[in-house]
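The values are calculated or read from the model by the stated rules, or taken from the named source; none is laboratory data. Just so you know, these numbers come straight off a predicted model, no measurement behind them. Heads up, the Cβs are rebuilt from the backbone with ideal geometry, glycines too, and the neighbour counts pull from every protein chain shown. Surface accessibility is based on the protein's heavy atoms, side chains included, excluding ligands, DNA and RNA. Shrake-Rupley method; radii C 1.70, N 1.55, O 1.52, S 1.80 Å.
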Amino acid sequence: CSFGAVACTAAPLDMARYELTGFGPYWIEEFGTREDSGDLAALLAYSPYHQVREVAYPAVLLSTFEQDSRVDPLHARKMCAALQAVGARAALRRDAAAGHGERDRTSRLGYFADVLAFFRRNLT
């Protein structure tokens, strides 16, 4: 299966450091902790940030919300830089005024318009 474009929004992507920011400490029971060597090995094995390789990636749009208390925006910023470092077409969409949850109608519509425009540009 092949994809032409991917949109990733407010996702924890660096699983080795997720617990150091935002709601991360509350997820230790679910994901494990970097302080345990077995857990760290498992986290690194599936951490998207730690799996970036020089392969053919589809176009990637990473969206982050700068007021997000659940998933620190550093995840998307680091992932975008890692993808770009291996030659992937990766773009970062930052919303400075929004958080992880509800946004006003204009912000939501702007977000969806940007995602749809990204898909149209990369899938046609």
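Annotations
- Test: residue in segment 17-28 that is open to solvent by less than 70 Å² (accessible area, probe 1.4 Å) and out of contact with any Asp or Glu (no Cβ under 9 Å at 6 or more places or on another chain): no
- Residue check, G110 surrounded by 14 or more Cβ atoms within 10 Å (Cβ to Cβ) and at positive phi: no
- Residue check, L13 aliphatic (A, V, I, L, M), surrounded by 15 or more Cβ atoms within 10 Å (Cβ to Cβ) and in contact with a Lys or Arg (Cβ under 6 Å, 6 or more places away or on another chain): no
- Residues located in segment 38-78, provided they are among the small types (G, A, S), over 16 Å from R89 (Cα atoms) and assigned to a helix (DSSP H, G or I): G38, A41, A42, A45
- Count of segment 78-124 residues which are at pLDDT 90 or above, touching a helix residue (DSSP H, G or I) at 6+ places or on another chain (Cβ under 9 Å) and farther than 16 Å from V6 by Cβ: 1
- For the condition touching a residue at least 12 places away in the same chain (Cβ under 8 Å) and of a type outside the set (D, E), L116 does not qualify.
- Consider segment 38-77 and keep the residues that are over 22 Å from N122 (Cα atoms) and charged (D, E, K, R). The one that is least open to solvent (accessible area, probe 1.4 Å) is D68.
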